[in-house]
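Accompanying notes for the structure given below.
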Amino acid sequence: MDELELLKKDWQKNDGRYPKLSYDEIYRMILKRSSSIVKWIFIISLLEFIFWTVISFFLKDNEGMKRFQELDTDMVMIPLAVIGYGILAYFFYLFFRNYKRISATDSAKVLMENILKTRKTVKQYVAFNLIYLVVSVIVVLCVEFKMDQQLISQVNEAATNGEAFKFYATFILIVAGMLILIIGVLLLFYWLIYGILLKRLNKNYKELKRLEA
Amino acid sequence: MSKSLEHSFVELLEKHQNIVHKVCRLYTNNQAAHNDLFQEVTIQLWKAYPKFRGDSKFSTWMYRVALNTAITLYRKSTRRVKTQAFDAVQFKIKAEEYDRTEEQQLKLMYQAIHELNDIEKALVLLYLEDKNYNEISETLGITEVNARVKMNRVKKKLKTILNP
């Protein structure tokens, strides 16, 4: 086919006409893998949310939870849940927005800014989860002490025996101990998952900064 | 991944970047799409680089990864316009360098190639790159006989497109 041979000649003649990207330009492109790291941060935060939702679903049948649900706590628990889910939804939106921005940009400067933003968002997300956990536990305990008849009678019994302080102290120590343990496990989990992703993101950030210098 | 690996990869890609440009040229219709595909191929090459053992030439490996990326994206893409005109400006073809008939013939050929399917485009690319059937079969992961048969079909198809 003559046309194909003609095209072959033309094709090979065009060899020198393609744009020539520099070492740094190509290097910046491979730093674009930041977008896949940010994508993973978004996906993992969603998976984590699903994980806790499933766990809470299974805990519903727990006797303690059943007893707690029998108390009239909607006035407190519903606003707490709404605020919690609302803020979580906002974080998912932020993670998604970071991912979209990072994957859409070609500018090293914008990429760097978004890496910093993502890092900040992840830190705020972890802090929010831990603070929310502590606040929820305190709220639940206040509700229990005010409304759970079984607990109130235990408190009264301890008070009649002159052991109210001992009762409260033991209770608070146990709760604080459990909270510290749970926060420790959560921090380890966050450090393992988000920490590794942030470390990689940081490495990309430093490389970009070096190239910009 | 280590610094030296990054360095060797970027150096090799810088040297062989024309391969990626050529793949982009056949699979895209405009400069923005060309740039996007170039970036995507670069990322895919970088991801696959640690597994590159040097069993084949770096350039052969590059053709393979670049074509696979282009084909995958081409299949995913719903935005492509089959009959979109070939953008001569994109490829910086200087009309004055050709006589009118030759220029017209080339333009029609490029348009015809843009109407081929993803695999056929890959065959044409390797043919234009003057690869022999052994190299074509190695790059596309098909037998040499199959490569010949397919190439003959592509030639016939191009003829039909050009002379309907």
task = Keeping the other protein chains in place, figure out the carbon and sulfur percent of the accessible area of segment B:1-80, with a 1.4 Å probe.
result = 50
request  = Using only the Cα atoms of the protein assembly as shown, construct the convex hull and provide its projected area averaged over every direction, in square nanometres to one decimal.
outcome  = 26.9
key: From phi via Karplus (6.51, -1.76, 1.60), per-residue ³J(HN,Hα) for segment A:130-143 in Hz, x at Gly/Pro   = 6, 5, 4, 4, 5, 4, 4, 4, 4, 4, 4, 5, 4, 4
message = Semi-axes of the equivalent ellipsoid for segment B:1-80, please: Cα gyration tensor eigenvalues, times 5, square-rooted, ordered largest first, whole Å.
response = 23, 12, 11
remark   = In Å², rounded to a whole number, the accessible area per residue of chain A with probe 1.4 Å is 62
inquiry  = Using a Gaussian network model on chain A with a 10 Å cutoff between Cα atoms, which of A:L197, A:L173, A:L88 fluctuates the most?
reply    = A:L173
Pairwise FRET efficiency - B:R153 versus A:Q12, Cβ, R0 = 30 Å, nearest 0.05 = 0.80
request  = Using label points projected 7 Å from each Cα along Cα→Cβ, tell me how many nm separate A:K123 and A:L173, to one decimal.
outcome  = 3.6
task = Would you kindly derive the ³J(HN,Hα) couplings of segment A:166-172 from the backbone phi angles with the Karplus curve 6.51 cos²θ - 1.76 cosθ + 1.60 (θ = phi - 60°), listing them in order in whole Hz, with x for Gly and Pro?
result = 4, 4, 5, 4, 4, 4, 5
ask   = Kirkwood Rh over Cα pairs of chain A into Stokes-Einstein at 20 °C, 1.002 mPa s: D in µm²/s?
value = 98
key: Within the accessible area of chain A (1.4 Å probe), percent carbon and sulfur   = 68
query = Which of A:A104, A:A81, A:A169 sits closest to the plus end of the dipole of chain A, meaning its Cα is farthest towards the positive end, when Lys and Arg get +1 and Asp and Glu get -1 on the C-beta?
reply = A:A104
request  = Give me the number: length gained by fully extending A:S22 to A:F165, i.e. 0.36 nm times residue separation minus the C-alpha to C-alpha distance, one decimal in nm.
outcome  = 44.2 nm
task = Take peptide B:126-135, look around each residue's Cβ out to 10 angstrom, count Cβ atoms belonging to other protein chains, and average those counts.
result = 2
query = Under a GNM of chain A (C-alpha, springs under 10 Å), which listed residue has the highest mean-square fluctuation: A:S35, A:S136, A:S22?
reply = A:S22
query = Rounded if a/c is under 1.5, else prolate if a/b is larger than b/c, else oblate: which is segment A:104-213, with a ≥ b ≥ c the root eigenvalues of its Cα gyration tensor?
reply = prolate
request  = Please work out the FRET efficiency for the pair B:N132 and A:V185, using the Cβ-Cβ distance as r and a Förster radius of 51 Å; give the result to the nearest 0.05.
outcome  = 0.25
message = Once R0 is set to 41 Å, what does the formula 1/(1 + (r/R0)^6) return for the Cβ-Cβ distance between A:F92 and B:T101, expressed as a FRET efficiency to the nearest 0.05?
response = 0.10
note = To the nearest 20 debye, the protein assembly as shown has a Cα-centred charge dipole, built from +1 on Lys and Arg Cβ and -1 on Asp and Glu Cβ, of 940
message = Sort B:139-149, B:124-134 by the packing proxy (mean of other Cβ within 10 Å over each peptide's residues), most packed first.
response = B:124-134, B:139-149
key: Farthest toward positive dipole pole in chain A [+1 Lys/Arg, -1 Asp/Glu at C-beta], among A:S136, A:L186, A:I37   = A:I37
ask   = Hey, rough spin-label estimate for B:T60 and A:N202, points 7 angstrom out along Cα→Cβ, what's it come to in nanometres?
value = 4.3
remark   = Where a ≥ b ≥ c are root eigenvalues of the Cα gyration tensor, a/c under 1.5 meaning rounded, otherwise prolate if a/b exceeds b/c and oblate otherwise, segment A:33-123 counts as prolate
request  = For helix A:2-13, report the angle its Cα long axis makes with the longest principal axis of the Cα atoms of chain A; keep it between 0 and 90° and round to the nearest 10°.
outcome  = 70
query = Would you list A:M178, A:M29, A:M75, A:M65 from the most to the least accessible area, probe 1.4 Å?
reply = A:M75, A:M178, A:M65, A:M29
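The values are calculated or read from the model by the stated rules, or taken from the named source; none is laboratory data. For clarity, every value in this text was computed on a predicted model and none was experimentally measured. Cβ atoms come from the backbone with ideal geometry, glycine included; neighbour counts cover every protein chain shown. Heavy atoms of the whole protein, side chains included, go into the accessibility calculation; ligands, DNA and RNA do not. Shrake-Rupley method; radii C 1.70, N 1.55, O 1.52, S 1.80 Å.
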